[in-house]
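**Q** Before I ask anything, here is the structure I am working with.
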Amino acid sequence: MDVQKPMQIGQTMRSFEALGSKRKLITTNSDIANYDFYHPDNILIIDRHHPIVPPSFLHSNYTPLPQEIYTSYSLSNWLGSLLG
């Protein structure tokens with residue numbers, strides 16, 4: 001579960017933790033739909049004032065993403081680009 005601060009821009013660490021651990025995420029951050037790792041089977045965007053979580057989201061399986069997406073957000077890839 002990820003509830004962003006009202007003025008926050010971008011993703012929280014929770015988004016990347018969920019991606020790295022291949023776990024589903026429930027978030028109030030609608031901007032996540034613009035990222036290449038967004039998949040509606042894995043990430044549910046909810047309204048912070050009227051949160052509704054369909055049981056089907058909780059009971060369905062995580063859908064694996066292409067390996068290159070996991071690799072592009074990996075710590076080793078980030079360090080490589082930083083130290084580059």
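**Q** Is there any pair with a first residue in the stretch 48-71 that is over 11 Å from Lys24 (Cα atoms) and a second that is β-branched (Val, Ile, Thr) and modelled with pLDDT of 95 or more whose Cβ atoms are under 9 Å apart and which are 6 or more apart or on different chains, and what are they?
**A** The qualifying pairs are Arg48/Thr28; Pro51/Ile26; Pro51/Thr28; Ile52/Ile46; Val53/Ile26; Val53/Ile46.
**Q** Tally up the residues in the stretch 27-42 that are under 21 Å from Pro66 (Cα atoms) and either touching an Asp or Glu at 6+ places or on another chain (Cβ under 9 Å) or in a loop (DSSP other than H, G, I, E, B) (or both), please.
**A** 9
**Q** Identify all residues within the stretch 1-45 that are among the polar types (S, T, N, Q) and surrounded by 16 or more Cβ atoms within 10 Å (Cβ to Cβ); write none if there are none.
**A** Gln4, Gln11, Thr12, Ser15, Thr27, Thr28, Asn29, Asn42 - these are the residues of the stretch 1-45 that are among the polar types (S, T, N, Q) and surrounded by 16 or more Cβ atoms within 10 Å (Cβ to Cβ).
**Q** I need the full set of residues from the stretch 63-82 which are at pLDDT below 90 and among the hydrophobic types (A, V, I, L, M, F, W, C), in order please.
**A** If the condition is that a residue be at pLDDT below 90 and among the hydrophobic types (A, V, I, L, M, F, W, C), then Leu75, Trp78, Leu79, Leu82 are the ones that fit.
**Q** Could I ask something else about it? Give the stretch 52-79 a look and list any residue that's surrounded by 12 or more Cβ atoms within 10 Å (Cβ to Cβ) and in contact with a strand residue (DSSP E or B) (Cβ under 8 Å, 6 or more places away or on another chain), or say none.
**A** Phe57
**Q** Here's another thing I want to ask about it. Scan the stretch 16-30 for residues that are more than 10 Å from the chain's Cα centre (by Cα) and under 21 Å from Pro6 (Cα atoms) and report the count. I'd like the intermediate steps shown before the answer.
**A** Filtering the stretch 16-30 for residues more than 10 Å from the chain's Cα centre (by Cα) gives 21, 28, 30.
Of the ones still in play, those that are also under 21 Å from Pro6 (Cα atoms) are 28, 30.
Matching residues across the stretch 16-30 total 2.
**Q** Here are some residues: His49, His39, His59. Which one is of a type outside the set (Phe, Trp, Tyr) and within 10 Å of the chain's Cα centre (by Cα)?
**A** Unique residue meeting the criteria: His39.
The values are calculated or read from the model by the stated rules, or taken from the named source; none is laboratory data. Quick caveat, the model's predicted, so the values are computed rather than measured. Cβ coordinates were reconstructed from backbone atoms using ideal geometry, including for glycine residues, and neighbour counts include every protein chain displayed.
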